[in-house]
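Any read-out appearing in this document is the output of simple, stated calculations on the displayed coordinates, not a laboratory observation. Just so you know, these numbers come straight off a predicted model, no measurement behind them. Here the Cβ positions follow ideal geometry from the backbone for every residue, glycine too, while neighbour counts run over all protein chains shown.
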Amino acid sequence: MNDLKPAEFVQTMIDVGEAKVKTSTRDLILRGTMAGIILSLAVVVAITTITQTGIGIVGALVFPVGFCILSLMGYDLVTGVFGLAPLAKFENRPGVTWGRVLRCWGLVGLGNLIGSLIVAYLIAVSLTANFSIDLTR
């Protein structure tokens, strides 16, 4: 088993932060959007599981699967970028500026929002039969 010493782990985090800051605009938005979609679907599955079983802990056990998928697929949540991107700036990595850190935060956050709104729209369409159900009754 390969063990990382704490200093090596921090160095890896700084390297990842630098890589995220230097990622292209298209990739940041795409990774953020996919993360928003997957996490939103995890919420839908967790809520559905809770309402169908009546047992809250079952939903709590289902929801983390979304985070595992995000991690395995390499997608970005804005919360992770909030933690990793500034580390590269604090270490004065070449090409990393506060402007690029803010750009990274904004683009990943925008992608997360787009992804979650896509799922919200699709769920609304499916639950209202394409908005044809009269909700005023």
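Quick notes on this structure:
- Radius 12 Å from Cβ of ASP15, net charge of other residues (Lys, Arg +1; Asp, Glu -1): 0
- From most to least packed by mean Cβ count within 10 Å, the peptides 63-69, 31-37, 102-108 give 31-37, 102-108, 63-69.
- Only Lys, Arg (+1) and Asp, Glu (-1) charged, at Cβ; segment 25-121 dipole about Cα centre in debye: 280
- Set of aspartates and glutamates with alpha-carbon distance to LYS89 below 15 Å, sequence-local pairs under 8 removed: ASP15, GLU18
- Taking other C-beta atoms within 10 Å as the exposure proxy, LYS22, LYS89 rank LYS22, LYS89 from fewest upward.
- Label-to-label distance for LEU4 and PHE131 is 4.6 nm, based on points extended 7 Å past Cα in the beta-carbon direction.
- In the set (i) 22.9, 82; (ii) 18.6, 62; (iii) 20.4, 73, the label that goes with Rg and Dmax of the Cα atoms in Å computed for this structure is (ii).
- Across segment 6-14, coupling constants 3J(HN,Hα) worked out from phi with the 6.51/-1.76/1.60 Karplus curve, θ = phi - 60°, read x, 5, 5, 5, 4, 4, 5, 4, 5 Hz, and Gly and Pro carry x.
- Within the same chain, aspartates and glutamates fewer than 8 places from LYS22 are excluded, and of the rest, those with a Cα less than 16 Å from its Cα are ASP76, GLU91.
- Placing unit charges on each Cβ (+1 for Lys and Arg, -1 for Asp and Glu) gives the chain a dipole about its Cα centre, and among ILE47, GLY66, THR12 the Cα reaching farthest toward its positive end belongs to THR12.
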